[in-house]
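Right, one structure below, let's go through it.
The values are calculated or read from the model by the stated rules, or taken from the named source; none is laboratory data. Just so you know, these numbers come straight off a predicted model, no measurement behind them. Positions of Cβ are backbone-derived with ideal geometry, glycine not excepted, and every protein chain shown enters the neighbour counts. Heads up: the accessible areas ignore ligands, DNA and RNA and are worked out on the full protein's heavy atoms, side chains in. Shrake-Rupley method; radii C 1.70, N 1.55, O 1.52, S 1.80 Å.
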Amino acid sequence: MKAIKYLVVLLVVISCDRFSKEDKKQEITTRIVCIAKQYNEIIYALGAQKDLVAVDVSSTYPAELKELPTVGYHRALSLEAILASKPTIVIEDDNIGPETVVDQLKKLKVPMKQFGKYEQTIAGTDSLIHEMGRYFKREKAADSICITLKNEFDEAIKKTNAFTKKMRVLVIHYGQASNVYLVMTRNSTGGKMIEWAGGEIAIDEEKGMKHLSPELVAAANPDVILITDFGYDKLGGSYEKIGVLPGVSSTKAYKDKKIYRIEEHDLVYLGPRTGQNIQLIQKLIHQ
């Protein structure tokens, strides 16, 4: 009888221990919702994407991100979509909204994480990658990424120094809306990348983006026009359709057939591929 009682107690202890371990396992399961395209590209470059469960719709590189559930545009987030992803942490870059959603996340005590704010330079990008490498315990991967980034950037600058002419470039972002174009300026990240590539943005403005009328597009008279993927694809990639856009057909770029498609994510932030992206811009604007 004592033996049976002992066996029952032992089974209870073992069962409790087992369920305790399962509970602990559930507790330590990490579910990341990351709302920042720059962070998401770095996460994949680090090989740290296994706990990523949802992203914002503007995170489109690498292509695998498009297979994940989305929680809305980073400035127009859906609280329901975020909560449905059951995040243990939301990683964001202090550029999210609306405020009502952010306030609700705080009230619900959803853990939120930001990485440091660094200058928009290769050194600043290096610092961000290393910080994220430490956070995800992928320090060696971060070291490797930063070495490659510097080498590719240095190679791009060497090519730039050999160019004899600076090309005037106009970047049309998201195509055209109501006969007003949204373009990048010299103070944008894209403007900096084009300068590194041996060109100069045709529009100078304090803000990174500016709405431009067809008349001002024509007056800017760029040597090259880059149209980001959304707008270019909307036109079907047809040079004839591009030519009917108000103001564009009178530019030197159109007459010389120097209008090209570029992926938005290659221009709007610095990351692991920035050296490669500068070299891509060089091929486009100097060909």
_Cα-based helix-to-principal-axis angle, 139-160 vs the chain, degrees rounded to 10_ = 0 degrees
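Could you list, in their original order, any pairs among LYS37/LYS106; LYS140/LYS283; LYS37/LYS86 whose Cα atoms are separated by more than 27 Å?
Working: LYS37/LYS106 22 Å; LYS140/LYS283 32 Å; LYS37/LYS86 20 Å.
The answer is LYS140/LYS283.
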*In whole Hz, with x marking every Gly and Pro, tabulate ³J(HN,Hα) for region 230-238 from phi via Karplus 6.51 cos²θ - 1.76 cosθ + 1.60, θ = phi - 60°.*
4, x, 5, 5, 4, 8, x, x, 8
_With a 1.4 Å probe and all protein chains kept in place, how much accessible area does HIS286 have, in Å² rounded to the nearest 10?_
50 Å²
*Share of antiparallel DSSP beta bridges in the chain, in percent to the nearest 5?*
30 percent
*asked:* Please enumerate, by chain and number, the aspartates and glutamates with C-alpha under 14 Å from the C-alpha of LYS158, excluding those fewer than 8 residues away in the same chain.
replied: GLU195
*Determine the distance separating the Cα centre of region 161-219 from the Cα centre of region 56-101; give it in Å without decimals.*
29 Å
*Scaled to the compact-protein estimate 2.2 N^0.38 Å, what is the alpha-carbon radius of gyration of region 102-166, rounded to two decimal places?*
1.64
*Nearest-ten-degree value, helix 37-46 long axis tilted from longest Cα axis of the chain*: 60 degrees
*Report in % the part of the accessible area of the chain that belongs to carbon and sulfur, leaving out ligands and nucleic acids; probe 1.4 Å.*
54 percent
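Based on the Cα coordinates of the chain, what is the per residue volume of their convex hull in Å³?
Numbers: hull volume 45.2 nm³, N = 287.
It is 157 Å³ per residue.
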_If you fit an axis through the alpha-carbon atoms of helix 274-286 and take the longest principal axis of the Cα set of the chain, what angle between them do you get, 0 to 90°, nearest 10?_
20 degrees
_What does the net charge come to around PHE115 if you take all other residues with beta carbon closer than 9 Å to its beta carbon, with K and R at +1 and D and E at -1?_
0
*So what J values fall out for region 76-85 if you push phi through Karplus, 6.51 cos²θ - 1.76 cosθ + 1.60 with θ = phi - 60°, rounded to Hz, Gly and Pro as x?*
9, 6, 9, 4, 4, 5, 5, 5, 5, 7
*Counting only heavy atoms of protein chains, what accessible area per residue, in Å², does region 62-171 have with a probe of 1.4 Å?*
60 Å²
*Size of charge dipole - region 64-173 - debye, nearest 20, with Cβ of Lys, Arg +1 and Asp, Glu -1, no other charges*: 160 debye
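Arranged from highest to lowest average of other beta-carbon atoms within 10 Å per residue, in what order do the peptides 54-62, 84-92 appear?
Working: 54-62: 20.4, 84-92: 18.1.
Ranked by mean Cβ neighbours within 10 Å, highest first: 54-62, 84-92.
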_Inter-label distance for ASP51 and GLN120, nm, one decimal - labels placed 7 Å from Cα along Cα-to-Cβ_ = 3.1 nm
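Among 150-156, 125-131, 95-101, how do they line up by average Cβ neighbours within 10 Å per residue, starting with the highest?
On the way: 150-156: 16.4, 125-131: 19.4, 95-101: 14.1.
Per-residue Cβ counts within 10 Å, averaged per peptide and sorted highest first, yield 125-131, 150-156, 95-101.
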